[in-house]
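Participant: Take a look at this one; I'll ask things after.
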Amino acid sequence: QVQLVESGGGLVQPGGSLRLSCAASGSISRINVMGWYRQTPGKQRELVAAVGTGGRTNYANSVKGRFTISRDNAKNTVSLQMNSLKPEDTAVYYCNADLIVTGYLQGMDYWGKGTLVTVSS
């Protein structure tokens, strides 16, 4: 059984910073891509940032220059450093991993339960 557990959400004032972390655990053979998505009521879940095994990153245009994603392959963790936060960053943030479970050949998507980030004065 594979689990993704997020931490680090909360309330922050505009211009402030938060750091989200996610740890993957279980019978994992390989993690291909780890990333963060976010969702607000009535809207589709959208990609915020993702990072491949080799460290290649991809960011949504709305967060470029403000957010930084990083991963620790040895620990199966991914973090999202969020700076200069804006009210429009308010959302539930979900950790995502495209990973291969031990004994299987193909990767599958796994999701955390989400952590709420609220940017408000």
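Participant: Which fully enclosed strands (runs of 3 or more DSSP E) of the range 60-120 have 1 or more residues being under 12 Å from the mean Cα position of the chain (by Cα) and over 15 Å from Gln39 (Cβ atoms)?
Facilitator: Working: elements: 67-72, 77-82, 91-101, 108-111, 115-119.
Those strands (runs of 3 or more DSSP E) span 67-72, 77-82, 91-101, 108-111.
Participant: Let me ask something else about it. If you take the residues of the range 27-56 that are under 24 Å from Gln3 (Cβ atoms) and of a type in the set (Val, Ile, Thr), which of them is surrounded by the fewest Cβ atoms within 10 Å (Cβ to Cβ)?
Facilitator: Thr53
Participant: With the condition being β-branched (Val, Ile, Thr), I'd like the strands (runs of 3 or more DSSP E) fully within the range 1-50 carrying at least 1 qualifying residues.
Facilitator: Numbers: elements: 3-7, 10-12, 18-25, 28-39.
Correct list: 3-7, 10-12, 28-39.
Participant: Moving on. Of all the residues that make up the range 98-117, how many are loosely packed, with under 15 Cβ neighbours inside 10 Å and in contact (Cβ under 8 Å) with a residue 60 or more places away in the chain? Break it down stepwise before answering.
Facilitator: Initially, the range 98-117 is screened for residues loosely packed, with under 15 Cβ neighbours inside 10 Å, giving 102-106, 108-109, 111, 113, 116.
After this cut, where a residue has to be in contact (Cβ under 8 Å) with a residue 60 or more places away in the chain as well, the list is 102-104, 111, 113, 116.
Number satisfying all stated conditions: 6.
Participant: Next question, about the same structure. Quick check on the range 20-35. Is at least one of its residues farther than 22 Å from Leu105 by Cα and among the basic types (Lys, Arg)?
Facilitator: no
Participant: Now for a separate question. Can you give me the number of residues within the range 82-97 that are open to solvent by 50 Å² or more (accessible area, probe 1.4 Å) and not acidic (Asp, Glu)?
Facilitator: Filtering the range 82-97 for residues open to solvent by 50 Å² or more (accessible area, probe 1.4 Å) gives 83-84, 86-88.
Restricting the remaining residues to those that are not acidic (Asp, Glu) gives 83-84, 86-87.
Result for the range 82-97: 4.
The values are calculated or read from the model by the stated rules, or taken from the named source; none is laboratory data. This one's a predicted model, so the numbers in the text were calculated from it and none came from an experiment. Glycine also receives a Cβ, built like all others from the backbone with ideal geometry; neighbour counts cover every protein chain displayed. Ligands, DNA and RNA are excluded from the accessible area calculation, which covers all protein heavy atoms including side chains. Shrake-Rupley method; radii C 1.70, N 1.55, O 1.52, S 1.80 Å.
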